Each structure stands twice: as C-alpha cells, then as structure tokens.
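Reviewing the structure listed below.
The values are calculated or read from the model by the stated rules, or taken from the named source; none is laboratory data. These numbers were taken from a predicted model, which means no experiment stands behind them. Reconstructed Cβ throughout: ideal geometry from the backbone, glycine too, with neighbour counts over all protein chains shown.
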Amino acid sequence: MMKTKIALAVLLSTFALAPASAAKHGKAAKAKPAKVAKAKASGKSTKHGAAKASMAKESAPKAAPAKAVAVQPAAERWPDRQFDNLSMQFLTALWRIDPEGAIEVGKFDTAARVSIPDRETRAKRLAFTDEWLEKLRALKSERLSAKQRTDQALLINKLENDRWRLTTFKEFEWNPAQYNVAQSLDLIMNTEYAAKPQRLRTILKRLARVPDYYRAAQSSIVNPTHEHTLLALAQAPGTLVVLADLGKAAQDDTSLTPQEKAIFAQRVANAGSALLAWVEYLADLDKSQQQMQHARSFRIGKQLYEQKFALEIQSSSTAEQTYRKALAARDELLARMDTLADQLWAKTMGSAAKPEDRIKKIGMVIDKLSEHHSTRENFFPEIRRQIPLLQEWVTSHNLLALDPKKPLEVRETPIYQRGVAGASIDAPGPYRPRDKTWYNVTPMDGMSAAQAESSLREYNDWMLQILNMHEAIPGHYAQLVYANRSPSLVKSLFGNGAMVEGWAVYGERLMLDAGYGDNAPEMWLMWCKWNLRSVTNTILDYSVHVLGMTQEQALDLLVRQAFQTRQEAEEKWRRVQLSSVQLTSYFSGYSDIMELREKRKQALGERFDLRQFNEQFLSYGNAPVRVIGELMQQQ
C-alpha cells in the first residue's frame, strides 16, 4: 500500500503547480478517453443496412400501432398523452438531481454540477423517488396503450430499485469504489457536445467541488468490504491520470485566459490532494479492519439477493428458480460437449487413451485446441481485424440490418475502469446516438508471461471470435445502436441488464446456427464452452452470495467443471466478489429470448422470419424480455 501512496504522490506532483506553465513539465502516462458508460448499464454495417432509408422505420412494428392510434377516440388517447408529458417532466427533473447520470447518457445541460454524496443529497433523492412514484402510480395502467403502459412499468421499477438501494441495500456505506470522479470528467472532456474551451470551463466548475466530494465519501463509508476497498485503491491512479491530462489540456488550450489556466492548475492540484487523502483514509481503514477482522462480507445473502434479482433482472423466474434452470442447462451442455469431444478425439489427441470421465475427456480436447491462439502483441490487431468480417457476415446472411454510419473503435480499457471485466462496450446514449462506441479491452501489459499465456489460451482462435460476436457484432454494439433508435426514450435510457447481456449471448448462438465457422466441431465445442461460461456465471453467483461457496470450490467449478483457464477463473472469482446478480443476467436473458423466439415461431408458423424477429425484438430498446414479448404480441 505504501507503494501506491508514493506513486500517487509522485503523479500528483506533476501537476500540483499553480502557474499556467506548470503543465509543461512531466506528462503522466495517458489513459485513452472514455466516451460514455455502458448503457446499463454495458453498442454496431453494410450494403444491406445502407440500402434502408431508416433502420428505425425498418425495425419498428409494421404500422399496427399507427392504425390503432388512428382509430382511437381523442378521449381514449388522452391518458397516453398525459403519460408522455409526465415522463418527459420526470426526465427533466431526474437530470437536474442526477447530473452524473445525465452525462453518462449524453445529456450535458447540467454537467457543471456535482452531486455531493452526503446524507442531504441522499435524502433529496429519496424524496424525489417517493414523489415520482406517487405521480406515476396515480396513472391507471389499464387506460394506457401498450407502449405507454410498459414505459410506466419500467419507470416505476427504476424508482423502486433506486429506493431499495437508498433504504435497504445501502451500497454507499460499504463500496468505496463507487466514489470516483474520473468518468464524468473524462466524458465531458472527450465528448464533442460543445467547443473545447466551453468543455474545459465546465470541468473547471466541477473540479471546484472534488474536495467536497471526497470528504462526503469519507463520511458516508461505514464498514466497507475489503474487496471493494482494494478496487477503489487500484483505480485511484487512473483517476489521477485523468486529472493530470485535464490539467495539461487546460494549459495547452489557447482560448483560456492566463487567469483561468492558473485557477485550473490550482483546482486540479486540490482535486489530486483530495484524492490522495481519500486513498490514505481507505488504506488506513482497510489495515485496521484486517487487523480487527471485522470488515463487512462481500456476500449479500439470500434475502437481499432475491430482492436485487427481482428489481434488476425483471424475469418471470426467481433467482433460485434461475439457478436451478442453470444446473439443468449445464447438464445438457456437458452431454453435447461429450459427443463433440468424441468426434474430435482422434484429430486432437491421436492415439492417446480416452478417459472414461467425461469432464476429463472434454478438458483434454479443449486444452489441446487452446494451443491455437494469438500472441500478446497481436491480440488487439486481431480483434480489430475481425470486426468488419463479422459485420459483413451478419448482413450477407440476412440476420440483421447494420448501420455503416455508426463508428466502433477498439481501445485499451481506461485505467480508472479496470479491475472488474476484461472486455466491455461503452456506447453513446440516446441523446447523442452519433457518437463513437468504444470496445474496451484490458491489455495484458501487467501480466507475467504465464498469466498472459493463460489468458491467450482462454481466448484462443475460436473463443476470440465468439468474444467479438458477444461484445461487438451482432452483440452489444449492434443492440445498443438499435436501442438508441427506439421510439421509446424511456426504454432506451433505462436498460434491462438481462436483455442487454441476453441478446449478446443470443447473438453468438444466432451466428453459429446460421453456419458461421462452417459448422466445424471445434467451433461448436468452443461455443459450448463459452455458453457454459454464461450458465456457470449464474451457478457461481448464486452459490457464492447465497450458498456460501468458498474460493476453492469456485475455482474448481470454473477450472475443472467449466474448462476455464486459471487466469480467467481467478478474474471471475474477483468479479463475483465485486458484483452481485449481474453475472446471472447472461443466462437469464438468453434463455428468456430463446423461449420468446420459440413462442413467436409457434404463433406465426410459416410466416415467421428470423431477421424480422431480430429487428423487431431490438426495436423496443433495452426493455426486459418479458415486456418485449408483450409488445410483440400486440402486433
């Protein structure tokens, strides 16, 4: 920990100088700019897409809603108009009370304001939540049309979740990692919503409140978990890098006055000092807790887990029911993998004796195939090479229309975001849909040779393609582009994690079912392994937080039973300590989408069209799968 403090102090000294010329001195290692947070959240082109005048029109329900509205008497349409007006009033009020949330979705009207995370702010947010719950519940849902009725349900769920987090979950007391000023500052700096000098002056106003922010954070923390404290400490240097970059940008800008530059340098220095004090506080607190052995457990327990699952996943199943479904799905996958391992045995293992234990047999085949992988140096270039190939494949096989005008850029995960997931998507919100989508990949620079080899074997020649399907095309990137075109702003803004992650898993299956990879048994075996990961995520998350699974048991589940490399398993163990419920979203959402597709097939018979289903499904924004199913049945 002393090394961390020294490193932060040294970095701080590079910009803790009041004169404008101070920024000319040493430059900190630069973090690549973040665009926006994953629309949670966790964003995708060709001749086919370009041939359409508007993807929104193409993917929207076919005229049925318009006809229904046209024949409605004015008196019957009034409740819908009343709700639409109320929802817009709600959003306006929400962005005033939550400027950081507004920045994340691309709305910068209140970007100069900082929410100080103190008791007074939480009391105001609770009062806001109660006020709007009362207003929204006062509208009788049975009088609303399907679009407005489902929007109403989503807003009520969002507010109920907010209220539960403030009054019951109280993560603000035990998760220091949620206190980080970097993302909002980074988004303001690197989103071209206004001229650069204007953005710098907005940042200047925010910087003035950073010391107050971290003092309030320190007062809010009661009994943090050891794991979340370590994450906060690990991400702090990345925040200092952002501050240093802002300081240099201000000094280099020719539009700012010398006085503004001097104020900027002083406020950056003050912000850095406040962050350093926050780090020292956390380090001392963690040391004391470890000595006394009274830190809060990261496990949230069954009661909180079921409540959180119901509010966040919004499935028709409970958390326990989903866990049991995952156990059954694992057995089905292992049976299929057993057959594929037999099929590949001679090709991969030659004359080696085949073990009777199927877990061992499957593992041996996967281990042999995993020798085929990229190098550490070529990992990023290979990801970039594959994206346009996947894009062309999706459109040429008529699976989904993609918009060639929506940019996707692969980059290193910003330092202040690292420590939870190895790959992710940062997509622009519906207020700025034309901005870039970032495909974040954490580099292997800090890994030993053995760790890098383990990670490369996990993302071998087949698995890397599936990763890119999941994160980019036809997964998150494509889905979030469609979400920003949804006619429902509510459904675009307040995304359901299970739908978002479920679509990404569904997208992988969609590709292989359409013949991607030439139906090679190697590709199918690796897809089964990847899908087993989604299933195992649910088993792991529930087992750890509810059933008390130990680290040793978790690593056995991941490495021996799910065929993951040691490096991948250790990262997943770290992730399950830092999050809860989110890991269930992959399997829950995917299984719900597959069930919905089968229902639509049965209902439509020969009229069922796969591309039409995919585009109609995505046209409803980030709504829960059960809500999308209800809306599709209205057509």
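Give all pairs with beta carbons closer than 7 Å in which a residue from segment 382-398 that is farther than 13 Å from ALA514 by Cβ and polar (S, T, N, Q) meets a residue that is modelled with pLDDT of 95 or more and surrounded by 18 or more Cβ atoms within 10 Å (Cβ to Cβ); count only pairs at least 6 apart in sequence or on separate chains.
Partner pairs satisfying both residue conditions: GLN386/GLN465; GLN386/ASN468; GLN391/ILE473.
Pick from THR168, THR191, THR150: which is of a type in the set (Val, Ile, Thr) and closer than 23 Å to THR437 by Cβ?
THR191
Does segment 160-167 include one or more residues that are within 27 Å of ILE425 (Cα to Cα) and crowded, with 19+ Cβ neighbours inside 10 Å?
Yes; the residues of segment 160-167 include at least one that is within 27 Å of ILE425 (Cα to Cα) and crowded, with 19+ Cβ neighbours inside 10 Å.
Which of the residues belonging to segment 129-148 are part of a helix (DSSP H, G or I) and either surrounded by 20 or more Cβ atoms within 10 Å (Cβ to Cβ) or of a type in the set (A, V, I, L, M, F, W, C) (or both)?
First, the residues of segment 129-148 that are part of a helix (DSSP H, G or I): 129-138, 141-143, 146-148.
Correct list: THR129, TRP132, LEU133, LEU136, ALA138, ALA146, LYS147, GLN148.
Using the structure shown, decide if PRO487 is assigned by TED's automatic domain parsing to the domain that holds SER585, closer than 19 Å to THR437 by Cβ, outside any helix (DSSP H, G or I) and more than 12 Å from the chain's Cα centre (by Cα).
So PRO487 fails the test.
Name the single residue, out of those in segment 424-452 being among the hydroxyl-bearing types (Ser, Thr, Tyr) and more than 17 Å from the chain's Cα centre (by Cα), that is nearest to LEU480 (Cα to Cα).
Ranking the qualifying residues of segment 424-452, first place goes to TYR431.
May I ask you to list the residues in segment 317-376 that are aliphatic (A, V, I, L, M), more than 20 Å from LEU532 (Cα to Cα) and loosely packed, with under 15 Cβ neighbours inside 10 Å?
Once the filter is applied, which keeps residues that are aliphatic (A, V, I, L, M), more than 20 Å from LEU532 (Cα to Cα) and loosely packed, with under 15 Cβ neighbours inside 10 Å, segment 317-376 yields ALA346, ALA352, ALA353.
Taking ALA112 as meeting all but one of (1) surrounded by 14 or more Cβ atoms within 10 Å (Cβ to Cβ); (2) out of contact with any helix residue (DSSP H, G or I) (no Cβ under 7 Å at 6 or more places or on another chain), write down the number of the exception.
(2)
Only one residue in ASN398, ASN440, ASN378 is touching a strand residue (DSSP E or B) at 6+ places or on another chain (Cβ under 8 Å), farther than 22 Å from LEU525 by Cα and not β-branched (Val, Ile, Thr), so which one is that?
ASN440
Quick one: how many residues across segment 336-395 are more than 18 Å from ASP461 (Cβ to Cβ) and assigned to a loop (DSSP other than H, G, I, E, B)?
8
Please work out which residue is surrounded by the most Cβ atoms within 10 Å (Cβ to Cβ), limiting yourself to segment 396-424 and to residues that are among the charged types (D, E, K, R) and assigned to a loop (DSSP other than H, G, I, E, B).
Here is the first cut: in segment 396-424, the ones among the charged types (D, E, K, R) are 403, 405-406, 409, 411-412, 418.
Narrowing the set further to residues that are assigned to a loop (DSSP other than H, G, I, E, B) leaves 403, 405-406, 418.
Numbers: ASP403: 19, LYS405: 11, LYS406: 23, ARG418: 19.
Per the criteria, the residue is LYS406.
Between a first residue in segment 133-154 that is farther than 22 Å from GLY629 by Cβ and a second residue that is at pLDDT 95 or above and β-branched (Val, Ile, Thr), which pairs have beta carbons less than 8 Å apart while being 6 or more apart in sequence or on different chains?
LEU133/ILE156; LEU136/ILE156; ARG137/ILE156
Matching residues to (1) under 33 Å from the mean Cα position of the chain (by Cα); (2) modelled with pLDDT under 95; (3) assigned by TED's automatic domain parsing to the domain that holds ARG143:
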{"residue": "ALA66", "(1), (2), (3)": "no, yes, no"}
{"residue": "ARG77", "(1), (2), (3)": "no, yes, yes"}
{"residue": "ASN85", "(1), (2), (3)": "yes, no, yes"}
{"residue": "MET88", "(1), (2), (3)": "yes, no, yes"}
{"residue": "THR92", "(1), (2), (3)": "yes, no, yes"}
{"residue": "ARG96", "(1), (2), (3)": "yes, no, yes"}
{"residue": "PHE108", "(1), (2), (3)": "yes, no, yes"}
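Could we say that MET499 is hydrophobic (A, V, I, L, M, F, W, C) and closer than 23 Å to PHE379 by Cβ here? Reasoning before the result, please.
Numbers: hydrophobic (A, V, I, L, M, F, W, C): yes; closer than 23 Å to PHE379 by Cβ: no.
So MET499 does not fit the description; no.
Only one of TYR193, TYR179 is of a type in the set (Phe, Trp, Tyr), in the same structural domain as TRP278 (by TED's automatic domain parsing) and under 21 Å from the mean Cα position of the chain (by Cα). Can you tell me which?
Exactly one residue qualifies, and that residue is TYR179.
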